[in-house]
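The values are calculated or read from the model by the stated rules, or taken from the named source; none is laboratory data. Remember, it's a predicted structure, so these values are computed and weren't measured experimentally. The accessibility values were calculated without ligands, DNA or RNA, using every heavy atom of the protein model including side chains. Shrake-Rupley method; radii C 1.70, N 1.55, O 1.52, S 1.80 Å.
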Amino acid sequence: MTQSKRIVLSSDHAAIDLRQSVARHLAAQGWDVVDIGPTTPESTHYPLHGAAAAQRVASGDCALGIVLCGTGQGIMMAANKVRGIRCGVCSDTFSARMIRQHNDANMLSIGARVVGEGLALEIVDAFVTAQFEGGRHATRVDMIEPAGG
Ligand code: RB5
């Protein structure tokens, strides 16, 4: 399995069922899914899981990452604190495609309390199949840096 087909998944307690559905969906498409949990339903802290998934992408271990929480917002914020991560929260397929094509996003976040399973899987498909367009978009992506260097 090539690194380019390895994808990390993580969530908090609010999105375990949807995360596991996404994992099955991607595995059926030939993705090497690295599902880092959690697997038990106890209340947990989304920043821990967002950061853990983001580290897998930032290190190069996984080409892409998908994180999920209730809204998708908190875990997206946590992932974006890791240098080199560009994570967008999406509730529609157009945005999921565009964050790859124009923003070279390497992570997607989904809110399990916002979108249903069918739409979530379509969002995942749009994200993982889109390609970065480069060119003028690369110039802009290169300008995304933490404030203060
Ligand atoms: C958990 O109740 C909830 O706050 C979390 O899943 C997420 O929505 C945070 O952004």
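If the convex hull of the alpha-carbon atoms of region 42-114 is projected onto planes in all directions, what is the mean projected area in square nanometres?
Numbers: hull surface 18.5 nm².
Its average projected convex-hull area is 4.6 nm².
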Fill in the blank from the handout: What one gets for region 1-41 as the Kirkwood radius, inverse of mean 1/r over different Cα pairs in Å, is 10.4
Fill in the blank from the handout: With all protein chains in place and a 1.4 Å probe, Val141 shows an accessible area in Å² (nearest 10) of 20
Fill in the blank from the handout: Highest GNM mean-square fluctuation among Val57, Val67, Val34, for the chain with Cα springs under 10 Å, belongs to Val34
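Using only alpha carbon pairs under 8 Å that are at least six residues apart, calculate the relative contact order of the chain and give it in whole percent.
Values: 294 pairs, mean separation 33.9, N = 149.
So the answer I get is 23 percent.
Quick one: compute the contact order of region 1-82, relative version, from alpha carbon pairs under 8 angstrom and 6+ residues apart, as a percent.
On the way: 144 pairs, mean separation 33.8, N = 82.
Once normalised by length, the contact order is 41 percent.
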Handout entry: Largest-first principal axis extents of the Cα set of region 18-81 (Å)
Key = 30, 27, 17
Practice task
Determine the principal axes of the Cα atoms in the chain, then give the extent along each, sorted from largest to smallest and rounded to whole angstroms.
Solution key: 42, 34, 30
Handout entry: Alpha carbon centroid spacing (whole Å) that separates region 1-61 from region 90-109
Key = 17
Completion exercise
From DSSP H assignment alone, runs of 4+ in the chain each adding -39500 (n - 2.57), the sum over residues rounded to the nearest 500 puts [θ] at 222 nm at -12500 deg cm²/dmol
Fill in the blank from the handout: The equivalent-ellipsoid semi-axes of region 89-135, taken as the square roots of five times the Cα gyration tensor eigenvalues and listed largest first in whole Å, are 20, 9, 7
